[in-house]
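Accompanying notes for the structure given below.
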Amino acid sequence: MILRRLAVLAVVACGSPGQASVQAQSVPRFEPVDRSEFPVAVPASRRATVGYLVVWEDRSTRSATIRLPVAVVHAPEPSELEPVLLITGGPGSGSLTPAAYPGAYPWTAERDFVVFGQRGTQHAQPALECPELEKAFGDVLNREDRDARYEILGAAARTCRERLRGSGVDLSAYHTDAITEDVDDLASVLGISRLILFGLSYGTRVALDLARDFPERVAAMVLDSPLPPDVQYDDESAVNFRNALEAVASACSEDTACDAAYPDLRNRFFAGLDAAEAAPVAVRLQDSGHVLQLDGARLASLIDLGSPGGLRLAPQRMAIIAEGDPELLRPLLPQSYSGSGFAWGMRASVWCAEAWPFSERAEASGPGPTLGGYESAAVSPPICREWGVPRRPGEFTRPVSTDIPTLLIAGEFDPATPPEWAHRAATSLSNSRVLVISGATHTPSVQWDGDGCAMSVATDFVAHPERWLADSDVPACMINRSDVEFEVEAASAQ
């Protein structure tokens, strides 16, 4: 169905001058391109249509258009099944790479797979990338003084903001509601009546927005690592990170080898953080000779719980932090910051309009379990102060209620979008089920160094959403899952 519609669009785009003129003036529209001209190479063995969705930057003024990259990887045989639309996270992450590896997504054996570059992200035109901020992140990496860091970040944000505005970009037009309208336009021009949404992290916020505003477009949803609209990420993230660290310490204590290697890990680790808050640990950097003062918050930030590999190393790093030995800490410090095509301008436009204005900014000590001065904001406050985008309507922060079939997936040790948030979102999703993947962390369905359980479950759900929800059995891959294999080798100074 999609392939036939795209073929018609291609004929119109390449037809007579009069037809081409009409097509060029039509917004929204899809502009097919040769596969060799697309930013990502879809495997030659797969049928695919690639091109750009042309939409209004601001639908209220209709003064300028933007172009968003789209790849449709077709099923081996024409299919009437609803296509799956991938909605990646961020906000600001590029999202085209999955089109180069469709075999990693098992539903592509029978369904079309739509990979869509969100507005403002890498390969979109324009892309709200900020090399000024990328440089600033490196400049502040080893600065202890928060005011100095804030001054550098604020100046970089101001420079990037003025450059983008000078090139004609309306920063206030890059937000979640605009992305959902882009998806609706995409479905319209491709002739798609309904989609199965596969959202990852922030992409789950976009999916929920679609379910609220365009329910007729949504056949079912997979929400991996949900970010519900009513959570206060910037206020809760320090607590969530601490809770994840507590869970790691508890899991280590229940593992014979881990407990033997790192006895009493929980108490020693948090005592180490407290001690560093009172008297920071001085670490001399080998390259520059600069002495870095590491307080508890900066020590905690050395633990990566965002991937299976980082999770396996977490007890070892926690033990090193507990010891407070500068020689053992030095190899853990990031030596430089390198960009990866992340659109920090897009993140700022979304976050500074939708999250920061509604936040209590709980970034310092306060009641309850926090991590001292740990920076809890997804976008540093001085960036939002400089970005200058208006606050989105308060309705955006209300829970989404729908009976659309929904699978919510959460990772047991996820510090960014904890399992509690999946359960919170499910309270207003009447036709849903939450699965917490033991031993997993953030976005477990696409953690390729994991065991594949979350992707297997998601694939089964996509095949028959209503039937899957009606089946109360525990998915086979979740039965007798093995525990995390923590690294228990002693660390050495480098």
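The values are calculated or read from the model by the stated rules, or taken from the named source; none is laboratory data. Since the model is a prediction, treat every value here as computed from it, not as a measurement. Here the Cβ is made from the backbone with ideal geometry for all residues, glycine too, and neighbour counts use every protein chain on show. When the accessible area is computed, the model is the full protein with side chains, heavy atoms only, and any ligands, DNA or RNA have been set aside. Shrake-Rupley method; radii C 1.70, N 1.55, O 1.52, S 1.80 Å.
The value of relative contact order for the chain, using C-alpha pairs under 8 Å at least six residues apart, is 16 percent.
Please report, as a whole percent, how much of the solvent-accessible surface of the range 415-494 comes from carbon and sulfur atoms (probe radius 1.4 Å). Its accessible area is 48 percent carbon and sulfur atoms.
Restricting the count to DSSP beta bridges whose residues both fall in the chain, what percent are antiparallel, rounded to a multiple of 5? Present the calculation step by step, with values, prior to reporting the outcome.
Values: 23 of 48 bridges.
Percentage antiparallel, nearest 5: 50.
Accessible area of Trp107 (1.4 Å probe, protein heavy atoms only, ligands and nucleic acids ignored): about 10 Å².
The packing ranking, built from the mean of other Cβ atoms within 10 Å per residue, places the peptides 425-437, 208-220 in the order 208-220, 425-437, highest first. Applying 1/(1 + (r/R0)^6) with r as the Cβ-Cβ distance of Asp451 and Tyr101 and R0 = 22 angstrom yields a FRET efficiency of 0.75. Hey, what number do you get for the chain at 222 nm if only DSSP H runs of n ≥ 4 count, each worth -39500 (n - 2.57), divided across all residues, to the nearest 500? It comes out at -11500 deg cm²/dmol, rounded to the nearest 500. For the pair Leu302 and Thr61, a Förster radius of 35 Å applied to the C-beta separation gives a FRET efficiency near 0.15, rounded to the nearest 0.05. Global dimensions of the range 101-175 from alpha-carbon coordinates: Rg and Dmax equal 18.2, 55 Å.
Over what distance in Å are the Cα centres of the range 57-129 and the range 179-221 separated? Centre-to-centre distance over Cα atoms comes out at 11 Å.
Sort the following peptides by mean Cβ neighbour count (other Cβ atoms within 10 Å, averaged over residues), highest first: 348-357, 164-173. Intermediate results must be reported in sequence, preceding the final value.
Numbers: 348-357: 25.1, 164-173: 15.5.
With the highest mean Cβ count within 10 Å placed first, the list reads 348-357, 164-173.
A Förster distance of 30 Å, applied to the separation of the beta-carbon atoms of Ser430 and Glu360, puts the FRET efficiency at 0.50.
Using a probe of 1.4 angstrom, how much of the accessible area of the range 85-168 is carbon and sulfur, in percent? Carbon and sulfur together cover 49 percent of it. The angle separating the long axis of helix 344-354 from the principal Cα axis of greatest extent in the chain is about 90 degrees.
In the list [x] -0.74; [y] -0.59; [z] -0.52, the label attached to log10 I(q)/I(0) by the Debye sum over Cα atoms at q = 0.08 Å⁻¹ as derived from the coordinates here is [z]. Here the range 204-269 has 48 percent of its accessible surface on carbon and sulfur atoms, given a 1.4 Å probe and all protein chains in place. In the full protein context, the chain carries 41 Å² of accessible surface per residue, based on a 1.4 Å probe and ignoring ligands, DNA and RNA.
Relative to the longest principal axis of the Cα atoms of the chain, helix 453-463 runs at roughly 20 degrees.
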